[in-house]
Amino acid sequence: MNYYRSYQLEDFARDESFRQWVLEHEPNNTQFWQQWLAENPDCREKVHLAKAFLLALEENETNLPELELDAITEQILQAPPQTSSPFWQFPLFQWAASIILLLGVGWGTYSYFRPSTLALHDSKTVVAFKDDYLEQTNQTDRVQKISLQDGSTISLYPKSRIRYPQPFRAQLREVYLEGKAFFDITKNPQQPFWVYTDYISTQVLGTSFMVQAFSEADEAKVVVKTGRVSVYTRKDLEKATTTQQAVKAGVVLTPNQQVAFSIPEKRFLKSIVEAPAAVVQTPVSSYSFEETPVSQVFDLIEKTYGISVIYDAKVLENCFLTATLSDESLFDKLDLICKITHSTYEIVDAQIIIHSRGCK
């Protein structure tokens, strides 16, 4: 459908077929949009931005009347810029910011698209703690649970230390970690939560995740269980604080994804966790296949584990699967599917890439 080529972000946000593909992984729509992208590669950047935008909103309805949406969007686009950063003046990001504001998501979601607007603290406070900071060190051989004033909890592992202000600041929650801890954070878009370590900093709005950053280790790691987090290097944050420049784009993680920061090489490596868990509970019978198109199988895996599975729908259109995969792990499922369909897979940037010559 050629009219999709003229779509802007708010058009994709309202399109029912597009929403079902992004939010519900509906098989027919998934196949359609993957094929459309293959035929319209010049629209890929705009579509990917719209997809990321919808996932960040986690909305199921866009109910504003079209005339009202268009009118308010026009007002926002004509408003004077709030920052001198050229990044904000890119048309695609103007559209994204407009829709986010219209849907009432607020600053928390907006920061997902513009790391340069994150509320940054003075980096000197990392070492210069005030009297109102509490410090807890786990000198036992068991995990210790710490309850914070906002309802969040921290599971502090042995030989680890956590520091945090009491109380939190009005617009910012921040803790400083040395070692390993699991965080279960109460959602509050008006008060983002930051975890600072020696080399990396992690920002969340409400999620559960693990941070591991021992002082003697060669790498620091963040593993996400639920929600989304953004991970930045401390160097980038400190540079942004002192120079008032935009923060270098961080690494965004979703469930079953992790990132390791190599301290000697000073670079991030994003990947899938060793044992991905289902993020959407599906009936056991869903993984009993009888001459099922393999594209539908991959779409079900993507929905179940929240991990993108990238494949060529045209190449795989004659591939079918008859098998029961209810008890296998994600990687065992992939091994069996690829063996039956004479395909292979690899993990690239925490995505599953399927390689195949098709089935005859």
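Values in this text are rule-based calculations from the coordinates and carry no lab data. On a predicted model such as this, the values are computed, not experimentally measured, just so you know. Reconstructed Cβ throughout: ideal geometry from the backbone, glycine too, with neighbour counts over all protein chains shown.
Mind checking which lysines have their C-alpha under 25 Å from K360, skipping anything on the same chain fewer than 8 residues away?
Once the sequence-local lysines are set aside, what remains near K360 is K314, K333, K339.
Efficiency by 1/(1 + (r/R0)^6): what FRET value for D11 and L172, r their Cβ-Cβ distance, R0 = 35 Å, to the nearest 0.05?
FRET efficiency, D11 to L172: 0.50.
Points 7 angstrom from Cα along the Cβ direction at S286 and S147: gap in nanometres?
3.5
Could you tell me the number of lysine pairs in the stretch 203-307 with C-alpha atoms less than 18 Å from each other, where the two lysines are 8 or more residues apart or belong to different chains?
Final tally of qualifying lysine pairs is 11.
So if I place +1 on the C-beta of Lys and Arg and -1 on the C-beta of Asp and Glu, and nothing else carries charge, what would the dipole magnitude of the stretch 244-350 be about its Cα centre? I want it in debye, nearest 20.
580
Classify the stretch 123-272: rounded, prolate or oblate, from the alpha-carbon gyration tensor (a ≥ b ≥ c, eigenvalue square roots; a/c under 1.5 rounded; otherwise prolate if a/b is larger than b/c)?
In terms of gyration-tensor shape, rounded.
With just the Cα atoms defining each centre, how far is the stretch 145-167 from the stretch 252-268? Give it in Å.
Between the Cα centres of the stretch 145-167 and the stretch 252-268 lies a distance of 23 Å.
What dipole magnitude, in Debye to the nearest 20, does the stretch 123-272 give about its Cα centre under +1 on Lys/Arg Cβ and -1 on Asp/Glu Cβ?
With Lys and Arg at +1 and Asp and Glu at -1, about 320 debye.
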